[in-house]
Amino acid sequence: EMDEELKCPVCGSLFRDPIILPCSHNICLACARNIIVQTPEGESSHCRASGSSDYDYLDMDKMSMYSETDSGYGSYTPCLKSPNGVRVFPPAPIHRNCSITCPLCHQSVSLEERGLRGFPRNRLLEAIVSRYQQSRSETVKCQLCDHNPAEATVMCEQCDVFYCNPCQQRCHPSRGPLAKHRLVPPNQAATGGSQQQAARKLATCTEHDLENYSMYCVNCKTPVCYQCLEEGKHTVHDVKALGAMWKQHKGQLSQALNGVSDKAKDAKEFLVQLKNLLQQIQENGVEFEACLVAQCDGLVDALNRQKAKLLTKVTKEREYKLKVVRDQITHCTVKLRQTTGLMEYCLEVLKENDPSGFLQISHALIKQVQLSQEQWVKGALEPKVCPEFDLSLNTEPLLQSIHQLDFIQVKFPPAPILQLEKCCTRNNSATLAWKILTFTHSPVEGYVLELDDGNGGQYREVYVGKEILCTVDGLHFNSSYNARVKAYNSSGAGPYSKTVVLKTSDVAWFTFDPSTSHRDIVLSNENQAVSCSSYDDRVVLGTAAFSKGVHYWELTIDRYDNHPDPAFGVARINVIKDMMLGKDDKAWAMYVDNNRSWFMHNNSHTNRAEGGIMQGSTVGILLDLNQHTLSFYINKQQHGPVAFENLDGVFMPAVSLNRNVQVS
C-alpha cells in the first residue's frame, strides 16, 4: 500500500534519483529533464502558475528521437504523455531561460544557473525506495506493453524505461541514435542508485559541494552549510542547529502520525462493523422472507397474487441496504489503504537518521499526515443503514382488503443514544446530551427527557423539545439521579434510551452569578466579592440552586460606610433585581443596619431584633427546606428561625446592597 507514495507522478514508476521541487513534491531526475520547457527571454524568473502562458515548443512534442550530440544525453519518448498522463517533451539544452512545472500542484519555477542541480536530492526517499524494492519479490513489468505487461528484461538508463524483449526490439533498436544507450538488467537498475546512495554518507550543500549541512534555516525551510551563513544569505533568518530541528520535526511528525494512526484503527474497526452489518442484513433478510412466506402460505389463495409483490419489496429493501454497506466498505477501504500507505511511508521516514534529508521533507509530510487525519470527518465511521427492516406485516384485515395488503412502515422513532462523554454534573445541576442514529428513516419531532426523584422513585418529565442537549438545575445535593430520553413524532413516542446515572455534588459551592445580576452590580475576586455602583439597592444571585435539604453559608462584610442596610437571604430566579431583597414575593430575606435587623418577604417587615453589622462582621444563612424555615446568624448570634409559606421549589442564595457596602 505504500508503493503509491514511492512512485514518480511523471513516469508512474518507483522514484530513481528523486529531487525535491520548491513546492515540496518529488520527481525523478530523469523525468525532470523530460518536462523542462524553454521560456521566452523576458519571462520572469519567479514562480508562475502552470498554464498561465502558452509557449512555442517548436513542435518538440512531435519528435521522439534525438541523438546524444543534440543535448548531451540521448532520450526516446515513445508517446506524447507519460504513463501518468503528464506531458513529456524531448530533452532540450538546460539554460537560464527554462522552467519546470510540478505535475501534482502545477506550480512552475524557473531554473537558475545551476539548473536541476539547484534542486536538492531526496536521499531519504532514495533509501526507502531501495529498501522497498529489496523487500519485494515480484518482478519488474514492461512499461510499454498495452495490455497484460510482460516481465521486463532490460532497462535503458538514458530513457529510464523498462522493456520486455518484443518492446525493446520494436521501440528501442540497437542502431541509429539509440545505439549508445546503456541497457542494464532490471534488478541492477533498481539497486544501482541505492548502492551509490549508501556510498555517500554525509549530505553536502547544494550551493557548496564541499560543505556539509550544519544548520537549518527556519524561514527558508531548508538545511544550510557554514559557507551559506558566511555569505549572508540567511543573516536575518531564524537559523537553528540541524540536530535540534531534526528531533523537533521528528516529534511533530510522530505526534501527527499518532492522530492518523488512531483514525486508521477506528477505520479497521469500522470495516469489521460493516462486514458484521452485511451478515446481519443477510440473516435478517432471510429471516424476514421466511416469516413473510409463512404468513402468506396461511392465507387464502387470494393472497398469492400479493405475495410476489411483497417479496419483491423485501428483496429491494435488502439489496438497497447491502449496496449502501458495500459502497461504504469500498469507500472506507480506499481511504484506509491511503492512510495506511502514508503511515508506512512516515514510519520509514522516521527510521532515517539523516537530519537534513528528513527536514527537507518533514514540513510537507506533516501537512500531508494532518490532511489525511482531517479526511476522517465526523460521521465517516458510522453506518448509513441499520440491519433491521423497518417493516411489519398486518394479518388482521378482512378478506375484501387482501388486494390492498402491503407493508406498513414502523414510523415510531428509534431509541436515542445518550452520549455519556458529554453527560456530567456540576453542583446540583445535571447536563445530558443524546443523539439519534443518522440512518433511521423515521422522522423525529422532539425529545422527552425524564429524571427520577434522586431516590429511585418515579420518573418525571423535565424537558420536552427539539434540543439534544439539556441542563437541569435545582436537583438535590448528594443524590443519584436516573435519566432517560425518548423521541417522538406524529405517530407517537418511541422506546426509551438506556438509563444513565448522574450523581450530584456532596456539598454545594457557589459564587455570585454575573449572568443574572443587575447591571449596577460589580463582581471581583473571581466573582466571590460583590459591590454596587448605585446608591439604590441592587440584587445579585448565587450560582447554586437548592430545592431540598438543609444548607448553610456565610458572608463577610468587607466594607460598610454610612450605615446602609444590605439584605441577605434566598430568592427565585425571576426575583426583581432593582430594589431591596424581600420587597417582592420572589425573595425571603433579612435586612440589617448597624443596630438592628428585620425579616422581610413581599414587603412585609417582621421579627425585629437588636444587633447590627459593621466592617468585618459575618452573616450566616441557614435554609431548611425540610421545615420551610430561614435562620440568620450575625456574628454567630442566631436570629430566627422564621417559618415562611410557599417556601418550596428552587431557590438561590441572594444579596441586595448599594455602593456603601462590599460583601464576600
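What a 1.4 Å probe finds exposed on the range 543-664 is 43% carbon and sulfur by accessible area, rounded to a whole percent.
For Val550 and Leu371, the difference between the fully extended length at 0.36 nm per residue and the C-alpha to C-alpha distance is 58.9 nm.
For an R0 of 60 angstrom, estimate the FRET efficiency from the Cβ-Cβ distance between Arg131 and Arg559 and round to the nearest 0.05. Could the numbers behind the result be given before it?
On the way: r = 76 Å, r/R0 = 1.27.
Using R0 = 60 Å, I get an efficiency of 0.20.
Couplings 3J(HN,Hα) of the range 484-496, computed from phi: 8, 9, 9, 9, 9, 8, 5, 7, x, 8, x, x, 6 Hz, in residue order, whole Hz [Karplus 6.51 cos²θ - 1.76 cosθ + 1.60, θ = phi - 60°; x for Gly and Pro]. Using 19 Å as the cut-off for backbone N distance, which residues of the range 243-268 belong to the label zone defined by a point 7 Å from the Cα of Glu4 along Cα→Cβ? Under 19 Å, as judged by backbone N against the label point of Glu4, lie 257, 260-268 of the range 243-268. Modelled this way, with points 7 Å down the Cα-to-C-beta line, the labels at Lys265 and Asn660 are 6.6 nm from one another.
Set the Förster distance to 41 Å, then compute FRET efficiency between Asn482 and Glu283 from the Cβ-Cβ distance, nearest 0.05.
Working: r = 34 Å, r/R0 = 0.84.
Between Asn482 and Glu283 the formula returns 0.75.
Annotation: amide H of Asp452 within the under-5 Å range of Arg460, Asn482, sequence separation 5 or more or interchain, hydrogens built in the peptide plane. Summing +1 for each Lys or Arg and -1 for each Asp or Glu among the other residues whose beta-carbon sits under 12 angstrom from that of Phe546 gives -1. Shown in residue order for the range 281-289 are the 3J(HN,Hα) couplings computed by the Karplus curve 6.51 cos²θ - 1.76 cosθ + 1.60 at θ = phi - 60°: 5, 4, 5, 5, x, 5, 5, 5, 4 Hz (x for Gly and Pro).
So how much slack lies between Thr330 and Leu311, counting 0.36 nm per residue of separation and subtracting their Cα-Cα distance, in nm? It would help to have the intermediate numbers written out before the result.
Numbers: separation 19, 0.36 × 19 = 6.84 nm, distance 2.80 nm.
Gain in length upon complete extension: 4.0 nm.
In this label model, Lys141 and His363 are separated by 3.7 nm, measuring between points 7 Å along each Cα→Cβ vector.
Of all lysines in the structure, those lying under 16 Å Cα to Cα from Lys577, and not within fewer than 8 positions of it along the same chain, are Lys586.
Across the options Leu322, Leu278, Gly243, the greatest Cα extent toward the positive end of the charge dipole of the range 243-337 (unit charges at beta carbon of Lys, Arg, Asp, Glu) belongs to Gly243.
A simple rule links phi to the HN-Hα coupling: the Karplus curve 6.51 cos²θ - 1.76 cosθ + 1.60 with θ = phi - 60°, which for the range 214-226 gives 9, 10, 9, 8, 5, 5, 7, 6, 8, x, 9, 9, 5 Hz, with x for Gly and Pro. When only the Cβ of Lys, Arg, Asp and Glu is charged (+1, +1, -1, -1), the dipole of the range 533-635 relative to its Cα centre reaches about 280 debye.
Of the solvent-accessible surface of the range 120-169, computed with a 1.4 Å probe over protein heavy atoms with every protein chain present, carbon and sulfur atoms account for 45 percent. For the range 462-525, the carbon plus sulfur part of the accessible surface works out to 51%, probe radius 1.4 Å.
Can you tell me the FRET efficiency between Glu230 and Cys105 if r is taken as the Cβ-Cβ distance and R0 is 45 Å, rounded to the nearest 0.05? Walk me through the numbers on the way to the answer.
Working: r = 34 Å, r/R0 = 0.75.
Efficiency computed from Cβ-Cβ geometry: 0.85.
Partners of Lys583 within straight-line reach, counting aspartates and glutamates whose Cα lies under 16 Å from its Cα and excluding those fewer than 8 residues away in the same chain: Asp536, Asp537, Asp565, Glu645.
The values are calculated or read from the model by the stated rules, or taken from the named source; none is laboratory data. Keep in mind it's a predicted model, so treat the numbers as computed, not measured. FYI the Cβ positions are ideal-geometry reconstructions off the backbone, even for glycines, and counts take in every protein chain you see. Heavy atoms of the whole protein, side chains included, go into the accessibility calculation; ligands, DNA and RNA do not. Shrake-Rupley method; radii C 1.70, N 1.55, O 1.52, S 1.80 Å.
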